[in-house]
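Data block below; observations after.
The values are calculated or read from the model by the stated rules, or taken from the named source; none is laboratory data. As the structure is a prediction and not an experimental result, all values here were calculated from the model. Neighbour counts run over all protein chains shown; Cβ positions are idealised from the backbone, glycine included. Ligands, DNA and RNA are stripped out before the accessible areas are found, and what is left, the full protein with its side chains, is counted by its heavy atoms. Shrake-Rupley method; radii C 1.70, N 1.55, O 1.52, S 1.80 Å.
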Amino acid sequence: MRQIFLGLALATAAVSPALAEGAEKKGLPQLRFEDFPPQIFWLVISFVVLLVLLSTLVLPKLQGTIEGRKAKLEGDLATAVSLKDEAAAAIAAYEKALAAARQRANAIAAEAKAQIEAAAAARKAELEAKLAEEAKAAEVRINATKAAALAEVRSIALEAARAIATKVAGIEVDDASAASAVDAALGRNG
Amino acid sequence: MRLGVEFVSGFVVGGLIGWALDRWFGTRPWFMVVFFLLGAAAGTVNLIRAARRLQAEAEASEEQNSSTRG
Amino acid sequence: MAAGGEAHSPLEQFEITRLVDLNLGGVDISFTNSALWMVIIVALSTLFFVIATSRAAIVPGRLQSIAELSYEFVAGLLRDNAGKEGMKYFPFVFTIFIFVLMANMLGMVPYSFTVTSHLAVTATMSLIIILGITVLGLVKHGFGFFHVFLPSGVPMWLAPLLIVIEVISYLTRPVSLAVRLFANMMAGHTTLKVFAGFVVALGVAGVVPLLFVVALTALEVLIAFLQAYIFTILTCIYLHDAFHPHH
């Protein structure tokens, strides 16, 4: 489309001398070479002036601002990172302290438990020993009573056997034969 | 427009060099013809390079888009 | 031509008129309307940037944002296309961008003069740029700079032909740089003027072309920016060759 416009412009330029409204100049103004020197001269002057003005007044300042902002952003970022690190370190320290406290509490509890258990065990052992001792004493007593009772039974039986023999058979039984008979009977039954 | 200028300027420069050489050696129109053809070749080279550059730019911007999207 | 029916030709806006006749050693250096607008460009650009950067704040105001945006824009163009070495020439490239942009934009103002619509201006700028870059490349690389003209890995029998083509291609740089800017500015402003002529000629019915002129003006603002951008980015790309002649 632009090519068409350009063609249009060039065509106008070609036709314009014919239509020239009393103009003494002809053709494209852009191709009038006598107009080149002043344009080139002032172009060089104004370009150099703009170059000098921009690179002295504007560009250093602009660069400073942009780099300053970059530096500040990077600085802020670094601060943020270090703050984050600090926070992480604080959290780690806190957790470490917490773990230590928990461990200590556990240790104390375990110690207390051990103490209590030891005390209980000691009391239990003591009680058991006492009970065993009492049981043993009782057993001894029972055995003694049993032996005494048995001895008594023998002597009663002996007496009874001599008395029965005297009364029933009218025979005087000496102690020795009576005792062996009783023992034999007791051994058979007992 | 961008590509058209690249192409046409090859002809213009080739033709100008040929014209100048013909004037120098008085060989009209042979240098003009030869350099017009060489200018066409140079214009084609320009055209290929410019097209390649445009494509590279388009791909680069596309990549940038996809990377910012992804 | 309908617009020609008006007293003014659409090309009249491109006329160079001498305001003050000056002469330096036989060379015509008259102060023309073109020179006047160049002075206006320099003054307005400087004024804008000085005001915009007068209160350098970490959190920028609107003007400062625009100034910083243009700085970062050109710096990005230069860094991406010419590399780190190119940053040394930042003030030069920045001035080119601002000068061309300002010239193109001021050309949109009614009754103004578009400095960049003249071949003399665009050709001078592009010649200085290309010559400067060539000299820079020769100083940096000496004879090695001529590698620009010979792509590596070319068979010997083809080399002479390719060198001629590459030399022509290199010589087209200032031509295309100059012609692109001048032709775009001229075509755009001529078209605007032609349609503006329609508006005046048609009177009440001129509303239709008026709408068209408004739309066209928006397009021209875009093109004014685009052409300044293209002029600058090509300068950066060519500058790259001065540092890296081996493609």
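Nearest 0.05, what FRET efficiency do A:GLN115 and A:GLU86 give at R0 = 51 Å with Cβ-Cβ as r?
Numbers: r = 43 Å, r/R0 = 0.85.
About 0.75, to the nearest 0.05.
Cα to Cα, under 22 Å, and not fewer than 8 places away if on the same chain: which lysines meet these conditions relative to A:LYS72?
In chain and number order, the partners are A:LYS61, A:LYS84.
In whole Å, largest first, what are the principal axis extents of the Cα atoms in the protein assembly as shown?
200, 62, 50
Given the options A:PHE33, C:THR217, A:LEU77, identify the residue whose Cα lies farthest towards the positive end of the charge dipole of the protein assembly as shown (+1 on Cβ of Lys, Arg; -1 on Cβ of Asp, Glu).
With unit charges placed on the Cβ atoms, the residue in question is A:PHE33.
Could you give the Stokes-Einstein D for region C:9-65 in µm² per second, using the C-alpha Kirkwood radius, 10 °C, 1.306 mPa s? Can you show the working numbers first?
Numbers: Rh = 14.3 Å.
This corresponds to a translational diffusion coefficient of 111 µm²/s.
A:ILE171 to A:ARG141: extension gain in nm, 0.36 nm per residue of separation minus the Cα-Cα distance? Write out the running numbers ahead of the final one.
Details: separation 30, 0.36 × 30 = 10.80 nm, distance 4.02 nm.
Fully extending the segment from A:ILE171 to A:ARG141 adds 6.8 nm.
For region A:134-189, take N as its residue count and report Rg(C-alpha) divided by 2.2 N^0.38 Å.
Numbers: Rg = 15.2 Å, N = 56, 2.2 N^0.38 = 10.2 Å.
Scaled against compact globular proteins, the figure is 1.50.
Taking the simple approach of a point 7 Å from Cα along Cα-to-Cβ for both A:ILE156 and A:LEU73, what is their distance in nm?
Distance between the two pseudo-spin positions: 12.0 nm.
Helix B:30-69: angle to the longest alpha-carbon principal axis of chain B, degrees 0 to 90, nearest 10?
Between helix and principal axis, roughly 10 degrees.
Any idea what angle helix C:62-82 forms with the longest principal axis of chain C, computed on alpha-carbon atoms, 0 to 90 degrees, nearest 10?
The angle comes out at about 30 degrees.
Using a 1.4 angstrom probe with every protein chain in place, what is the largest-first accessible-area order of A:LYS70, C:LYS84?
Details: A:LYS70 100, C:LYS84 170 Å².
If we order A:LYS70, C:LYS84 from most to least accessible, we get C:LYS84, A:LYS70.
Quick check: from the Cα gyration tensor, does chain C come out rounded (a/c under 1.5), prolate or oblate?
Values: a/c = 1.91, a/b = 1.49, b/c = 1.28.
Because a/c hits 1.5 or more and a/b exceeds b/c, chain C counts as prolate.
State to the nearest 20 debye the size of the charge dipole of chain B about its Cα centre, where the only charges are +1 on K and R beta carbons and -1 on D and E beta carbons. Could you put the intermediate results ahead of the total?
Details: 7 positive and 6 negative charges, 49 e Å.
Once rounded to the nearest 20, the dipole reads 240 debye.
Nearest 0.05, what FRET efficiency do C:SER65 and B:THR27 give at R0 = 45 Å with Cβ-Cβ as r? Kindly include the intermediate steps, with their values, before the conclusion.
Working: r = 61 Å, r/R0 = 1.35.
That gives a FRET efficiency of 0.15.
With label points built 7 Å along Cα→Cβ from the Cα atoms of A:LEU186 and A:LEU98, find their separation and express it in nm.
Output for this residue pair reads 8.4 nm.
Sort all Cα-Cα distances of region C:76-214 into consecutive 5 angstrom bins from zero, then give the percent of pairs in each bin up to the one containing the longest distance.
2, 8, 12, 15, 14, 13, 10, 8, 6, 5, 4, 2, 1, 0, 0
In nm, give the distance between the simple-model label positions of C:TYR111 and C:ARG79, each being 7 Å from the Cα along the Cα-to-Cβ direction.
4.5
Give me the percent of Cα-Cα pairs in region A:73-173 that sit more than 24 Å apart, rounded to a whole number. Each step should come with its number before you reach the end.
Values: 3610 of 5050 pairs.
So the pairs more than 24 Å apart make up 71 percent of the total in region A:73-173.
Rounded to the nearest 0.05, what FRET efficiency is calculated for C:PHE212 and C:ARG18 with R0 set to 30 Å and r the Cβ-Cβ distance? Mind showing how you got there, number by number?
Values: r = 35 Å, r/R0 = 1.16.
Working from the Cβ atoms, E equals 0.30.
Could you work out the mean projected area of the convex hull around the alpha carbons of region C:186-228, in square nanometres to one decimal?
On the way: hull surface 10.5 nm².
Computed as one quarter of the Cα hull surface, the answer is 2.6 nm².
Can you tell me the mean projection area, over all orientations, of the convex hull of region A:86-127's alpha carbons? Units nm², please. Walk me through the intermediate numbers first.
Numbers: hull surface 8.8 nm².
With every direction weighted equally, the projected area is 2.2 nm².
Binned at 5 Å from 0, what are the whole-percent values of the Cα-Cα distance distribution for region A:36-124, short to long?
Computed distribution, short to long bins: 3, 10, 7, 7, 6, 7, 6, 6, 6, 5, 5, 4, 4, 4, 3, 3, 3, 3, 2, 2, 2, 1, 1, 1, 0.
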